[in-house]
1. Does S126 fit the bill of being surrounded by 14 or more Cβ atoms within 10 Å (Cβ to Cβ), within 30 Å of E373 (Cβ to Cβ) and in contact with a Gly (Cβ under 8 Å, 6 or more places away or on another chain)?
2. Tell me, which strands (runs of 3 or more DSSP E) wholly within region 277-382 include 2 or more residues that are within 16 Å of the ligand (Cβ to nearest atom)?
3. Only one of these conditions is not met by H192: (1) surrounded by 19 or more Cβ atoms within 10 Å (Cβ to Cβ); (2) touching a residue at least 40 places away in the same chain (Cβ under 8 Å); (3) closer than 24 Å to N39 by Cα. Which number is it?
4. Which residues, counting only those in region 135-157, are in a helix (DSSP H, G or I), open to solvent by 20 Å² or more (accessible area, probe 1.4 Å) and either within 16 Å of the ligand (Cβ to nearest atom) or aliphatic (A, V, I, L, M) (or both)?
5. Just checking, does region 278-288 include any residue being under 18 Å from the mean Cα position of the chain (by Cα) and open to solvent by 10 Å² or more (accessible area, probe 1.4 Å)?
6. Grab the strands (runs of 3 or more DSSP E) fully contained in region 1-69, keeping just those with 2 or more residues being of a type in the set (A, V, I, L, M, F, W, C) and within 16 Å of the ligand (Cβ to nearest atom).
7. Taking into account only those residues within region 158-172 that are among the aliphatic types (A, V, I, L, M) and at pLDDT 95 or above, which is nearest to the ligand (Cβ to nearest atom)?
Amino acid sequence: MNATAVKVKDCFKEKFNKEPHLYYSPGRINLIGEHVDYNDGFVMPAAIDKGIYFAIALNNTEQVNFYSIDFNESISLSLSEVKKMDTWKNYVLGVLYEFQQLNIPLKGFDCLFGGDIPIGAGISSSAALEGGIAFGLNELCGFGLNKKEIALLCQRAEHNFPDVKCGIMDQYANMLGEKNSFILLDCMNITHETIRVNIDGYEIVLINSKVHHSLASSEYNKRRKECEEGLNILKNHSNVQSFRDVKNPEIIIGFENKMSTEVFKRCQYVVEEIDRTKKAAKLLKENNIEAFGKLMFQTHEGLKNLYQVSCKELDFLVDCAADNKDVVGSRLMGGGFGGCTINIVKEKGVSQFLSETLTAYKKQFNIDAEVYEVNVIDGTGKIQ
Ligand code: GLA
């Protein structure tokens, strides 16, 4: 058990005076397929060894007590009083609400959690928060939901309490991630294929820009609406039922004068990204990492110019990567407007790339970017 897990367990025992059950709920990375999970696309995420530990025990009452070590905040409420609040509380209470919506009789419990996942970094601390509590309660109360059902429940929690109309990628990767593998998730059918990745000779490095522009969640919901608008126009003028039906990204050009410039750009990005992700999956299976990396750069261009969810800090980091011959691919990761870039770098060049980039970034923005070298691990589970 690592140091954070021990700390979470010991703090729980001190606070609640009993033995808890321990769970680990990971964050995620995503190699390619950004902003297409809510557009019937494919994405390629994996669960990582940055996440949240949960200590949970039933308490034989109707009362729920949460304590967050990292925020040093707690909430106590009765199960009959579950309602929207703010910040981290919405993620855990949203999960309780969704269990209640299924008419699942929750039992009172005590829960303490803490972790090492950076917040607002595009690594999905929110899915880690939702997933840990949902998985733990499902097990402790014997509800019998499977991991896919739990992921869908967590997605609904995020829609209804924090009010972010997210796709399924984060919750799915958080639950169903597999050690040393990437998931090729078909977001239309909600099924996945596992891709065992051999990236010997390369490293996946995340660089946290340490900026998080506050418009992230409102712009996220706006993008989703713009895509819905665009798809409706496509449906009205063709036999397309889903962005996935647009077999060739060129076809979208024919619709340019039927929608606003913004909506057109969003649609163009989406069909290109769906196409790119399919190509990328093939390249990854063939172990063609260099060609795969080129597609990551293209994704960033699309996110910057067409989908418009980047920012100057992320663009700067990707430009540094593009100028370095040892970096094969780089792009912003997650929802955008700050957070991390994901980079695939030749092992021998990692330290030079990082030192040059961090120095240049500091000089440009006076911010110390943070670096995470992550390992791909299993999705949410119990720690014995
Ligand atoms: C956030 C959402 C995901 C996905 C990404 C962008 O992480 O939670 O569902 O849409 O943004 O790819």
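1. Considered against the rule, which asks whether it is surrounded by 14 or more Cβ atoms within 10 Å (Cβ to Cβ), within 30 Å of E373 (Cβ to Cβ) and in contact with a Gly (Cβ under 8 Å, 6 or more places away or on another chain), S126 comes out as no.
2. Numbers: elements: 327-332, 338-346, 370-373.
In region 277-382, the matching strands (runs of 3 or more DSSP E) lie at 327-332, 338-346.
3. Answer for H192: the failing condition is (2).
4. L140, K148, L152, Q155, R156
5. No, region 278-288 contains no residue that is under 18 Å from the mean Cα position of the chain (by Cα) and open to solvent by 10 Å² or more (accessible area, probe 1.4 Å).
6. Values: elements: 21-30, 45-58, 63-68.
In region 1-69, 45-58 are the strands (runs of 3 or more DSSP E) which contain 2 or more residues that are of a type in the set (A, V, I, L, M, F, W, C) and within 16 Å of the ligand (Cβ to nearest atom).
7. Step one: filter region 158-172 for residues among the aliphatic types (A, V, I, L, M), giving 164, 168-169.
Narrowing further to those that are at pLDDT 95 or above: 168-169.
Details: I168: 7, M169: 5 Å.
Per the stated criteria, the residue is M169.
Residue-by-condition table, conditions (1) more than 16 Å from the ligand (Cβ to nearest atom); (2) open to solvent by less than 10 Å² (accessible area, probe 1.4 Å); (3) within 16 Å of the chain's Cα centre (by Cα):
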{"site": "V92", "(1), (2), (3)": "yes, yes, no"}
{"site": "Q100", "(1), (2), (3)": "yes, no, no"}
{"site": "I183", "(1), (2), (3)": "no, yes, yes"}
{"site": "R196", "(1), (2), (3)": "yes, no, no"}
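The values are calculated or read from the model by the stated rules, or taken from the named source; none is laboratory data. Source: prediction; values computed, not measured. When we count neighbours, we look across all protein chains shown, and the Cβ atoms used for this are built from the backbone with ideal geometry, even at glycine. We work out accessible area using only protein heavy atoms, side chains counted, and drop any ligands, DNA or RNA first. Shrake-Rupley method; radii C 1.70, N 1.55, O 1.52, S 1.80 Å.
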